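A short write-up of the structure that comes next.
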Amino acid sequence: MQTRLFGKSEIIAMIIGILLITMLFVSLLVVPQGAVFLVYINVIGNIFISALIWIGCRLIVHTLWKKFPWEKEPVKHLLIEIITIPLWAFIIMEISYEIYCRFNFIANSSSHVQGLAVGLLITLLITSIHEGVYFYMQWKQHFALSVKLEKDNLEARYETLKAQLNPHFLFNSLNTLITYVEDNPRATDYIQNLSDFMRYVLKNREKELVLLNEELEVCRRYLFLQQSRFGDNLRIDININEKYLMYCVPPLSVQMLIDNSIKHNVISKEKPLLIRMGIENTNYLFVSNNLQVKSSEAKNGLGIKNISDRYEFLSQQQIIVNETATEFKVSLPLLKANI
């Protein structure tokens with residue numbers, strides 16, 4: 001979750017909060033008659049102390065949400081917060097108390113212990129406000145993403161319905177076509193792979209996740225169709241250990257990356273395209289290709305953005321995109337089936 005550390009609304013809230021906390025601290029003071037100077041000193045000092053406590057709590061909460069978000073590591077987040085925030089407040093108040101004592105700025109406060117107790121309670125309140133803001137921002141982002149994905153899903157279904165032939169008619173026609181070319185094994189294989197690929201698309205288009213084993217199988221069929229077109233100019237290197245086949249990916253996410261590689265790059269005898277697939281960093285599936293972009297091809301990035309949005313919605317994990325002068329690579333997190 002991306003949140004600005006000190007936005008305009010945060011600065012306004014901080015100023016109001018600091019003034020209210022300062023008023024509370026000053027209200028605990030018992031000032032001797034005629035010691036107006038001590039009142040000014042204590043007001044200024046308490047503003048400074050309150051600002052340090054507020055900013056420190058804000059920085060700690062912001063860092064914890066970035067490094068240890070609640071939805072992933074709630075125990076670590078809570079433990080570090082319980083230790084660091086009271087410790088920060090205690091240190092600030094103790095240093096301030098020592099400075100006040102050294103320069104005789106103490107205005108007969110009711111008690112040092114009472115001041116510490118009130119300060120820690122105020123720190124707890126500040127922390128609760130910051131945590132509440134972060135929870136609200138996270139809910140708001142997730143809700144917006146959910147609405148967007150639902151809208152995209154409805155639009156995709158509508159477009160599919162407009163362009164879609166009757167599946168039964170289509171598959172029956174392909175099966176009939178096979179009977180006409182039975183004496184041509186390569187044509188039969190091509191039609192069979194095309195039929196299986198389209199059946200997979202229709203069957204899994206509305207699923208959130210599919211097994212990697214199933215996704216790779218349909219990718220092999222798709223690559224067979226493409227290699228029938230490009231021949232040896234399109235080369236494939238798939239190296240994936242069987243132990244990863246029971247992990248999951250969004251349906252057609254790997255196929256979409258392969259399609260992008262073929263669509264955006266030159267494929268010729270002089271410049272063959274090599275598409276590699278494998279596992280890296282234990283739980284990431286990568287798809288890479290040597291970079292030889294078509295001069296007339298304009299990338300819109302919609303395919304990769306679509307995959308990225310689906311991952312963020314399903315697991316809050318992010319895909320990794322790396323592009324060098326010679327290679328383009330996208331790495332997809334492998335998800336567990338119970339997500």
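The values are calculated or read from the model by the stated rules, or taken from the named source; none is laboratory data. Quick caveat, the model's predicted, so the values are computed rather than measured. Note that we place each Cβ from the backbone using ideal geometry, even for glycine, and neighbour counts take in every protein chain shown. Remember, those area values only see protein heavy atoms, side chains included, never the ligands or the DNA or RNA. Shrake-Rupley method; radii C 1.70, N 1.55, O 1.52, S 1.80 Å.
Of note:
- Packing-based ranking, highest mean first, of 66-73, 216-223, 318-325, 250-257 given that Cβ atoms within 10 Å are counted: 250-257, 216-223, 66-73, 318-325
- Note on segment 169-327: with charges restricted to the Cβ of Lys and Arg (+1) and Asp and Glu (-1), its dipole about the Cα centre is near 280 debye.
- Gyration tensor verdict on segment 172-318 (Cα atoms; rounded if a/c is under 1.5, prolate if a/b is larger than b/c, oblate otherwise): oblate
- When 310, 205 are compared by accessible surface with a 1.4 Å probe, the order from highest to lowest is 205, 310.
- Under Karplus coefficients 6.51, -1.76 and 1.60, residue-wise ³J(HN,Hα) of segment 310-317 in Hz, glycine/proline x: 5, 5, 4, 6, 7, 9, 6, 8
- Computed from the Cβ-Cβ distance with R0 of 30 Å, the FRET efficiency linking residue 149 to residue 83 stands at 0.20.
- Placing unit charges on the Cβ atoms of the charged side chains and taking the dipole of segment 211-339 about its Cα centre, the candidate lying farthest along the positive direction among 252, 314, 265 is 265.
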